[in-house]
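K.L.:
The structure under discussion is supplied below as structure tokens; questions concerning it will follow.
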Ligand code: PLP
């Protein structure tokens, strides 16, 4: 490790709460899908800030929108009407069947908004005491207490109990288990169509349609967490659209403002009746600066057909990695994913492969110790994906 890196690491030890286990890397600069560390070494970024920097680092058009809005207005609070929020709502809602937006600041908050709206809709509109939220094993919905309860993973809630009540979990791909879990207290079922933190696990379309049909039959709401799999990443603007679903609400965040903290809940008119003035709020939600930036992000994604592109180049990379799996089945167990949300599950411990990729200048994530997770910018160049595939083959073949 270099002197510059060691100095940063030591300073962090002194100054920050210890809540992250970091990669052995301090990043100084980014451009598109390239990053440079504090020693000037260049990397190809296949992680994009964990699916956040969808348009690449320091995208010039997004930078221009940010600079223009920074000179005009940053924040006035939700006490005021703001055209910037409406512009963003109009753009986002044009991509889906939903008709109302609520803006917040993160994925966890977007899920909290979905959960709160589901409960309040049941109590105030349906006049039913239905409050229970059912989620799927392997999901991840965030780290606030409500989102942690929804995530239902003991390792993440260790030391933080008690968590809020009213959450229940069932195994995915098992409609009978869901039927058994649903009852008069069920307010909603919340799913990620492609489980991200769970190791890039796409759920079968038939299963997802079955979940939605059950919700309709039992009078429960159907909610999709699009925080990681949304915003064009899987080849459609929203992952639920692959299975022809019509969720009552979705949660959005990550790449919404290309790196500025922003989240949103998009809901149907009917479900949105559950909120009234004062029911739910957040100081920063939908601020003028983040809204203007996010509007530009959505505009660029739509103008440049980036969802289609993600589907196309993601499929090509998956085919290439699938071919590698066929040739090296003793090294790669499975390649799975949709669009530019790809997991390469290795047969053995993935840490040495992940470390060697890093040493050779490729940044990806290692999930559950064995799965290399790729979540690159939707604008990544195909040649960058090619060189990743070549390098991975070299490493796995001992070259
Ligand atoms: N939902 C999903 C599917 C996620 O992947 C994440 C974060 O990784 C979250 C929610 C939480 O988002 P945030 O970290 O912005 O609160």
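The values are calculated or read from the model by the stated rules, or taken from the named source; none is laboratory data. None of these values were measured; they are calculated from a predicted model. Glycine gets a Cβ as well: all are built from the backbone with ideal geometry, and neighbour counts include every protein chain shown.
K.L.:
In this structure, is residue 372 touching a helix residue (DSSP H, G or I) at 6+ places or on another chain (Cβ under 7 Å) and farther than 22 Å from residue 33 by Cβ? First the steps, then the outcome.
P.N.:
Working: touching a helix residue (DSSP H, G or I) at 6+ places or on another chain (Cβ under 7 Å): yes; farther than 22 Å from residue 33 by Cβ: no.
Spelling it out, it is not the case that residue 372 is touching a helix residue (DSSP H, G or I) at 6+ places or on another chain (Cβ under 7 Å) and farther than 22 Å from residue 33 by Cβ.
K.L.:
Additional query: Of the residues in segment 210-234, how many are more than 13 Å from the ligand (Cβ to nearest atom) and within 21 Å of residue 365 (Cα to Cα)?
P.N.:
Of the residues in segment 210-234, the ones more than 13 Å from the ligand (Cβ to nearest atom) are 210-222, 232.
In the following step, the residues that additionally are within 21 Å of residue 365 (Cα to Cα) were identified as 232.
Counting residues in segment 210-234 that are more than 13 Å from the ligand (Cβ to nearest atom) and within 21 Å of residue 365 (Cα to Cα) gives 1.
K.L.:
Of the residues 265, 301, which single one is assigned to a strand (DSSP E or B) and either modelled with pLDDT of 95 or more or in contact with a helix residue (DSSP H, G or I) (Cβ under 7 Å, 6 or more places away or on another chain) (or both)?
P.N.:
Numbers: 301 fails: assigned to a strand (DSSP E or B).
Answer to the selection: 265.
K.L.:
Let me ask something additional. Yes or no: segment 276-284 includes at least one residue that is touching a residue at least 12 places away in the same chain (Cβ under 8 Å), within 30 Å of residue 121 (Cβ to Cβ), part of a helix (DSSP H, G or I) and not assigned by TED's automatic domain parsing to the domain that holds residue 40.
P.N.:
no
K.L.:
Then there's this: Would you list the strands (runs of 3 or more DSSP E) that sit entirely within segment 31-114 and hold 3 or more residues that are within 16 Å of the ligand (Cβ to nearest atom) and either assigned by TED's automatic domain parsing to the domain that holds residue 387 or modelled with pLDDT of 95 or more (or both)?
P.N.:
100-104
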